[in-house]
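All remarks here apply to the structure that follows.
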Amino acid sequence: MSAANGERPQRPSAEPSLVTRAVRAGIGTDAAHHAVMPPIHLSSNYLFQSPGVYERYDYTRTANPTRDLAAAAIAELEGGCGAVVTSSGMAAVAVVTRLLSAGELLVAPHDCYGGCHRLFTAEDRRGAYRVRFVDQTRAGAVEAVRALRPRMIWLETPSNPLMRIAEIAAWARLAREVGAVCVADNTFLSPVNQRPLSLGADVVVHSTTKFINGHSDMVGGAAVAADEGLHEQLAWWANAMGVTGAPFDSFLTLRGVRTLHARSRVHEENALRVVDFLRSSDLVERVNHPSLPNHPGHEIARAQQLGWGSLLSFELRGGRPAVERFVDGLRHFALAESLGGVESLVSHPWTMTHASMDEPARVAAGIREGLLRLSVGIESAADLIADLELALRRTAAELVVA
């Protein structure tokens, strides 16, 4: 598989590639002053020409020109009919799950992001809908879920943080058979490396805070719908709940879209080198990345992904003590949550991203105290590997002394 950059051989009179359309998203759309870059429309309200006469914009919670440009760009990249831009990734998750009614079943991955697990569990407890957490990569899982007749199937592939791969097309077929909505969280790969709608998903969810923005300077989300009916429902709920994205955050999102393909290419090149390095260490028990031929989901990833992505996780021998020694002194990997920014990050899922899951749920998902997740940035790969090498040496030496 070659890393996806959106380029395809162009036929005469063919439409511009996604790379070109992403770079040019919103450019030259300012009709008032002909600015190259679109302006930020910060106004919270807009003039009515007459009582009862509605135009496209009246109040920014409902619609905003800057947010509309960001939504259009994301929808085009994902191949959807429209997108709703929200104030956070979890806001997008909450909006999509408003499609469920009391008593209806949501099937979600047992190793999903901790924030999603927390929300789904809380909503189940209060009776908003029911949730069942399932290992979606287990043989026979699709057939087992068919009997449950879910109303929504939630996919997270690759999963956070163990990089498990669910077969989107298989789950989407099941969703159509049982009348469910198939939702795919595409945050880890972005539309550069995976397009779930083309594989049959009905809705794609993003934390745009991550790769789409790419600079760790805003918080946002998006939900992209495959058809207009779903898009209208999601837009209604986002407006009713008041969770639509702010204009300035939408501007930053649109700015990030323009460099998404270029950044993704360097992210992945660096990640593949980091994966190779970590596999050579005796202190590393296991590396989780779908590019590895021994990864359980390697062949499915090869078939459905356009690139391998730049998120990975690995397990250190020595558990929690080894983790604490490893992260203490890292220079080029910041110990922080989030992912997908130009800077490299390291996180400890047990105490950070998945701390909201109770311990039995973490154990059931395969999340252990020695697990670390890396979001590989676009720094020099040599510098990143040197930093990791020093950390492993330091950890090994201190563990021997201890």
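The values are calculated or read from the model by the stated rules, or taken from the named source; none is laboratory data. The model shown is predicted, which means the values in this text are computed figures rather than measured ones. Backbone-built Cβ (ideal geometry, glycine too); neighbour counts: all protein chains shown.
Within the stretch 42-56, residues that are aromatic (Phe, Trp, Tyr) reach partners that are modelled with pLDDT of 90 or more with beta carbons closer than 7 Å, at six or more positions or on different chains, in the pairs Tyr46/Tyr57; Tyr46/Asp58; Phe48/Asp58.
If you filter the stretch 341-358 down to residues that are in a loop (DSSP other than H, G, I, E, B) and touching a Leu at 6+ places or on another chain (Cβ under 7 Å), you find that the one that is nearest to Glu268 (Cα to Cα) is Ser344.
Given the condition in the same structural domain as Asp387 (by TED's automatic domain parsing), hydrophobic (A, V, I, L, M, F, W, C) and modelled with pLDDT of 95 or more, answer yes or no: does some residue in the stretch 359-371 qualify? Yes, the conditions are met somewhere in the stretch 359-371. Taking the conditions exactly as written (closer than 22 Å to Glu268 by Cα, out of contact with any Pro (no Cβ under 6 Å at 6 or more places or on another chain), assigned to a helix (DSSP H, G or I) and of a type outside the set (Val, Ile, Thr)), does Ala303 satisfy them or not? Spelling it out, Ala303 is indeed closer than 22 Å to Glu268 by Cα, out of contact with any Pro (no Cβ under 6 Å at 6 or more places or on another chain), assigned to a helix (DSSP H, G or I) and of a type outside the set (Val, Ile, Thr). Taking the condition of being within 15 Å of Ser250 (Cα to Cα) and either among the polar types (S, T, N, Q) or surrounded by fewer than 13 Cβ atoms within 10 Å (Cβ to Cβ) (or both), how many residues in the stretch 26-56 meet it? Qualifying residue count, the stretch 26-56: 3.
Scan the stretch 363-402 residue by residue and report those that are among the polar types (S, T, N, Q) and in contact (Cβ under 8 Å) with a residue 24 or more places away in the chain. Result: Ser375, Thr395.
Going through (1) under 15 Å from Ala92 (Cα atoms); (2) buried (at least 24 other Cβ atoms within 10 Å of the Cβ); (3) of a type in the set (A, V, I, L, M, F, W, C) one by one, Leu189 falls short only on (1). For the subset of the stretch 275-290 comprising residues that are in a strand (DSSP E or B) and within 25 Å of the chain's Cα centre (by Cα), which member is farthest from Val323 (Cα to Cα)? Step by step, filter the stretch 275-290, then rank; the result is Asn288. Considering only residues that are under 22 Å from the mean Cα position of the chain (by Cα) and aromatic (Phe, Trp, Tyr), which ones fall in the stretch 124-183? Phe133, Trp154, Trp171, listed by residue number.
Filtering the stretch 28-75 to residues that are among the hydroxyl-bearing types (Ser, Thr, Tyr) and either more than 21 Å from Asn239 (Cβ to Cβ) or in a loop (DSSP other than H, G, I, E, B) (or both) leaves Thr29, Ser43, Ser44, Tyr46, Ser50, Tyr54, Tyr57, Thr60, Thr62. On inspection, Val275 passes the criterion of being β-branched (Val, Ile, Thr) and farther than 30 Å from Ala94 by Cβ.
Residues in the stretch 245-274 that are farther than 29 Å from Leu371 by Cα, among the charged types (D, E, K, R) and outside any loop (DSSP other than H, G, I, E, B): Asp249, Arg255. Hey, does the stretch 98-120 have a residue that's of a type in the set (A, V, I, L, M, F, W, C), closer than 30 Å to Asp58 by Cα and touching a residue at least 12 places away in the same chain (Cβ under 8 Å)? Looking for residues that are of a type in the set (A, V, I, L, M, F, W, C), closer than 30 Å to Asp58 by Cα and touching a residue at least 12 places away in the same chain (Cβ under 8 Å), one finds at least one in the stretch 98-120, hence yes.
For the stretch 304-351, the candidate set comprises residues that are among the aromatic types (Phe, Trp, Tyr) and in contact (Cβ under 8 Å) with a residue 60 or more places away in the chain; within that set, the residue that is farthest from Leu399 (Cα to Cα) is Trp308.
Within the stretch 320-330, none of the residues are closer than 29 Å to Met218 by Cβ and of a type in the set (Lys, Arg).
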